[in-house]
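The values are calculated or read from the model by the stated rules, or taken from the named source; none is laboratory data. As the structure is a computational prediction, the values presented were derived from the model and not from experiment. A quick note on method: Cβ atoms are made from the backbone with ideal geometry, for glycine too, and the neighbour counts reach across all protein chains shown.
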Amino acid sequence: MTHLEKANLATQVVLARNTNQALGIGRFAIDFMSGKLGTPDASVLERTTMFHTDSVLCGLSAIALNTNAPIILRAEAAEYANPQGAPVFGSTAKVAVEKAIVANSNAVREWDSNGTNFGFNPTLGHTAGEFGHNDFYPVAIAAAQQQGRDGAYALRGMICIDEIRGRLAEVFSLKTYKIDHVVHGAIASAATYGAMMGATAEQIESAIGMTVAHYIPWRAIRAGKQLSDSKGASAAITTEVAILSMLRSMRGFMGPRDIFRNPESMFRQFEKTSGDSPFDLVLSHSGSDFAVMGMHFKLGLYEHQSAGALQGMLTLLRENPQILEKSQEIKSIHIVAYEPAFGIIGDPAKRDPKTRQSADHSMVYIVGTLLRKAIEMAQSTKSTKLGHCDNCYWKYLMLMPHDYAPEAISNPKTRALMEKFSFAHGGPEYDRRYPDGIPTSLVIEMNDGTKFDSGLVMYPAGHARNTTADLKGILAKKAENLGKLASDNPQSIIDRFNRLAALSTSELANLYDFQIANRGKYE
């Protein structure tokens, strides 16, 4: 049986490699948004709502702490008043839709703490393993607001975006060719926005063609010893031009057709074919087998590649309180992980981060900070037992924005712990287990030679295949922590987003009608 024969034709659409997939994506998005194809299960609606609420709280707290790029892009958006547009977070004033989207998408991504996909679908043999994040929901909200639709319609748009970008991530690895992963999200955003706004499939095809032909971001955005604002703004800026491409197509501009089979396009330049697209694409429209169901939550602020090490550390601290009792006796901490974790967050340049964007991509800083917080909490509470389960440890020690502030990055206690870390590549045995899981092991050695070994961690809390963590409880704590930064009354805001599917047209129009606190300059 071929991979395509394994597709469930009752719940999925197959876009074969020898067809015009850009046009096919357009038709899929239109039919999906109209409800013609079917209905996602309640579990898909719930999961997408959880990811959306999580992303919004990340964005609001970043604005409240005056992080650089979100503040600049919000100010820019304010210069483009447009009564036919959409609002930014914390406002009802309408601005040009692409400006609202770039501001809101950048805000949700600023902390690098919202959802992640790994492009892994072994059932269909689609295991390209491209990263991606839930950065694109503002597209669906803006389109629904522009069209005077309700929360259920906006939520359906979010599912459509995640489905297209998530399935593209399963079949084409952009990072392999040093292209930034946000391209898949830009394609999905153009298609879904067009479908929600009444574009034809041909207009969507044109917009996808323009996006791919004119606006390809390289991973230079994420390279360098100290990273810049471009890292957090990549999805937002690329989506901005995707929306502009869609608007131009709807006005009659004609972009390149059939872009996935175009012999000069990015896709066929990197993966040579005799004329077909490099991949088949399978998109779900009904049931529970949607890409979003395989996406992972970050339970705090950290690069997703470090989740296995964080889980290993938390479990060791819970199971072995003597580590905290004699923390001054810790001799070394050895982490073993897979590629690309070793290459991305184990880069020697990341051992001495100077900025938040570099610190949250430094394995030794992330895990070192968690350990420092555990030691300080044990000392302040006079107890090395912070709870009876991993859930308690995740909640008590959750990494938050202040853990990446300048004074935290230079904290001498953290720096001393960082010197005890070593980081190694686990080789083929670890690499073959990714991206099914986040294969990581961690060993703490004390001065007397005692070793505490986490064993192989595959599915840490927050991972889509983790079945033991109290995910909703930990996410509620994360929302509370971030919400308190954004508002003096965060629960009302959290509740508003949690009930997105039930919001009326007028409630969705005023979704962002709340005040965001100003907590001063973050850095």
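Data table
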item	result
Filter result for ILE221 (assigned by TED's automatic domain parsing to the domain that holds PRO70 and closer than 20 Å to VAL14 by Cα)	no
From the options HIS126, HIS184, residue that is within 17 Å of the chain's Cα centre (by Cα) and not charged (D, E, K, R)	HIS184
Yes/no for GLU264 being under 14 Å from ILE101 (Cβ atoms), among the charged types (D, E, K, R) and in the same structural domain as PRO70 (by TED's automatic domain parsing)	no
Leading residue by the ranking (nearest to LEU310 (Cα to Cα)) among those in region 454-464 that are in contact (Cβ under 8 Å) with a residue 60 or more places away in the chain and not small (Gly, Ala, Ser)	PRO460
From the options ARG318, ARG261, ARG248, residue that is at pLDDT below 95 and in contact with a helix residue (DSSP H, G or I) (Cβ under 8 Å, 6 or more places away or on another chain)	ARG318
Hits in region 277-305 (condition: part of a helix (DSSP H, G or I) and modelled with pLDDT under 95)	HIS304, GLN305
Count of region 339-361 residues which are surrounded by 20 or more Cβ atoms within 10 Å (Cβ to Cβ), touching a residue at least 60 places away in the same chain (Cβ under 8 Å) and either assigned by TED's automatic domain parsing to the domain that holds GLY129 or in a loop (DSSP other than H, G, I, E, B) (or both)	4
Any hit, region 109-119, residues being farther than 30 Å from ARG432 by Cα, in contact (Cβ under 8 Å) with a residue 40 or more places away in the chain and either under 17 Å from the mean Cα position of the chain (by Cα) or surrounded by fewer than 24 Cβ atoms within 10 Å (Cβ to Cβ) (or both)	yes
Residue match in region 124-138 (condition: within 25 Å of GLN515 (Cα to Cα), assigned to a helix (DSSP H, G or I) and touching a helix residue (DSSP H, G or I) at 6+ places or on another chain (Cβ under 8 Å))	yes
Some residue of region 81-93 being surrounded by fewer than 20 Cβ atoms within 10 Å (Cβ to Cβ), modelled with pLDDT of 95 or more and touching a Pro at 6+ places or on another chain (Cβ under 7 Å)	yes
Number of the exception - ASP112 against (1) under 24 Å from HIS296 (Cβ atoms); (2) not in a loop (DSSP other than H, G, I, E, B); (3) not aromatic (Phe, Trp, Tyr)	(2)
Residue list for region 44-58, restricted to those being in contact with a Phe, Trp or Tyr (Cβ under 9 Å, 6 or more places away or on another chain) and farther than 19 Å from LEU227 by Cβ	VAL44, ARG47, THR48, THR49, MET50, PHE51, HIS52, THR53, ASP54, SER55, VAL56, LEU57
Residue that is out of contact with any Asp or Glu (no Cβ under 7 Å at 6 or more places or on another chain), surrounded by 13 or more Cβ atoms within 10 Å (Cβ to Cβ) and not assigned by TED's automatic domain parsing to the domain that holds GLY90, where the choices are LEU475, LEU482	LEU482
Hits in region 418-433 - residues which are more than 10 Å from PHE342 (Cβ to Cβ) and either of a type in the set (S, T, N, Q) or touching a helix residue (DSSP H, G or I) at 6+ places or on another chain (Cβ under 7 Å) (or both)	MET418, PHE421, SER422
Inter-residue pairs, beta-carbon under 7 Å, first more than 14 Å from ILE187 (Cβ to Cβ) and in region 263-278, second of a type in the set (Ser, Thr, Tyr) and modelled with pLDDT of 95 or more, 6+ apart	PHE270/TYR177
Breaking point among (1) in contact (Cβ under 8 Å) with a residue 40 or more places away in the chain; (2) in a helix (DSSP H, G or I); (3) in contact with a helix residue (DSSP H, G or I) (Cβ under 7 Å, 6 or more places away or on another chain), for SER230	(1)
Scan of region 318-338 for residues that are part of a helix (DSSP H, G or I), of a type in the set (A, V, I, L, M, F, W, C) and under 30 Å from ASP431 (Cα atoms), ordered by number	ILE323
Unique residue being touching a strand residue (DSSP E or B) at 6+ places or on another chain (Cβ under 9 Å) and either in the same structural domain as ARG432 (by TED's automatic domain parsing) or within 29 Å of PHE297 (Cβ to Cβ) (or both) when the list is PHE89, PHE118	PHE118
Which listed residue, of ARG251, ARG268, is touching a Ser or Thr at 6+ places or on another chain (Cβ under 9 Å), surrounded by fewer than 21 Cβ atoms within 10 Å (Cβ to Cβ) and not hydrophobic (A, V, I, L, M, F, W, C)	ARG268
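Listed here are the residues, each with its yes/no results for (1) among the charged types (D, E, K, R); (2) in the same structural domain as GLY343 (by TED's automatic domain parsing); (3) assigned to a helix (DSSP H, G or I).
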{"residue": "ILE375", "(1), (2), (3)": "no, yes, yes"}
{"residue": "ALA378", "(1), (2), (3)": "no, yes, yes"}
{"residue": "TYR393", "(1), (2), (3)": "no, yes, yes"}
{"residue": "TYR396", "(1), (2), (3)": "no, yes, yes"}
{"residue": "ASP403", "(1), (2), (3)": "yes, yes, yes"}
{"residue": "THR414", "(1), (2), (3)": "no, yes, yes"}
{"residue": "LEU417", "(1), (2), (3)": "no, yes, yes"}
{"residue": "ALA424", "(1), (2), (3)": "no, yes, no"}
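Yes or no, residue by residue, for (1) part of a loop (DSSP other than H, G, I, E, B); (2) among the hydrophobic types (A, V, I, L, M, F, W, C):
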position: ILE438; (1), (2): yes, yes
position: GLY455; (1), (2): yes, no
position: ALA461; (1), (2): yes, yes
position: ALA469; (1), (2): yes, yes
position: ILE474; (1), (2): no, yes
position: ASP488; (1), (2): yes, no
position: ALA501; (1), (2): no, yes
position: ILE516; (1), (2): yes, yes
position: ARG519; (1), (2): yes, no
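Each row is one residue, and each column tells you yes or no for (1) farther than 20 Å from PRO138 by Cβ; (2) part of a helix (DSSP H, G or I); (3) in contact with a strand residue (DSSP E or B) (Cβ under 7 Å, 6 or more places away or on another chain).
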residue: PHE28; (1), (2), (3): yes, yes, yes
residue: PHE32; (1), (2), (3): no, yes, no
residue: PHE51; (1), (2), (3): no, yes, no
residue: LEU57; (1), (2), (3): no, yes, no
residue: ILE63; (1), (2), (3): no, yes, no
residue: ALA77; (1), (2), (3): no, yes, yes
